[in-house]
Structures are given as C-alpha cells and as structure tokens.
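**Student:** Pasting a structure below so you can have a look.
Just so you know, all these numbers are worked out from the coordinates, no wet-lab data involved. Just so it is clear, the structure is predicted and the values come from calculations on it, not from any experiment. Because the Cβ atoms are built from the backbone with ideal geometry, glycine has one as well, and the counts that use them run over all protein chains shown.
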Amino acid sequence: MARKGGFKRSTRGLYTKQVRKKGKVSQRAYFQDFKEGEIVNIGLEPSIHKGSSHPKYVGKSGKILGKDGSCYKILLKDREKVKTVTVHPVHLKKVK
C-alpha cells in the first residue's frame, strides 16, 4: 500500500486564516525587502502557496543569507544541524 500524505498533511489549522483577517494580502508584506544578516521569523500566509516553507519550520527564526529570485535563503538551526531554507518574503517577519 502506498504511503499517504505529503508535507502539507495534518495542517488544516495551520493553513486557515482567522475570520477577520481574510481578504487580500497587503503589497507591503508581499514585496518586503530584507538585507543580509537580518534576523527574521518564518510564519505562514495561507492564501499564498508560493515559496512557503515546510510546516516544521513555522515559528522558527533564522538569518538571511541572500536572495534567490524573488525568495530569500534563510540559515536556521534544526536541532543540531544548520539548514538553509528558501522562503518567499510574504511568509517572513522581521525581528525587532
């Protein structure tokens, strides 16, 4: 029997917006600019599937390495391993 599910399995609550936050995504969030070395939080914008990270990285913080097309490469630590994740800026928030 084939394995059931992909990396978006069991994410029903994670991929839903609150009722009052439904609607269009702001252009400011979609076209954000980040510089190398800035620290960002990885979140998730459910209405845009392009450039989203694996659900296990949601809520993690990382450092921006550079740009890859319209997305950013982020260096983060997954337990003891250092990993690079490519994420669209609409899914990122700058840490103050």
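**Student:** So how do R79, R12 line up by other beta-carbon neighbours within 10 Å, fewest first?
**Tutor:** So the ranking, lowest neighbour count to highest, is R79, R12.
**Student:** For the chain, build the charge dipole from Cβ charges (+1 Lys, Arg; -1 Asp, Glu) around the Cα centre, then report which of L75, Q18, Y57 sits farthest towards its positive end.
**Tutor:** Working it through, the farthest residue towards the positive pole turns out to be Q18.
**Student:** Name the most mobile residue of E80, E45, E36, meaning the one with the largest mean-square fluctuation, in a Gaussian network model of the chain with Cα contacts below 10 Å.
**Tutor:** Greatest mean-square fluctuation among the candidates belongs to E80.
**Student:** Lys and Arg at +1, Asp and Glu at -1: add these up for the other residues within a Cβ distance under 15 Å of K17 and post the number.
**Tutor:** +4
**Student:** Just to be sure I understand, if you calculate Rg/Rh (Cα atoms, Kirkwood Rh) for this structure, which of (1) 1.02; (2) 1.27; (3) 0.99 do you get?
**Tutor:** Label of the calculated value: (3).
**Student:** Quick one: putting +1 on the C-beta of Lys and Arg, -1 on the C-beta of Asp and Glu, what dipole do you get for the range 28-94 around its Cα centre, in Debye to the nearest 20?
**Tutor:** That gives a dipole near 160 debye.
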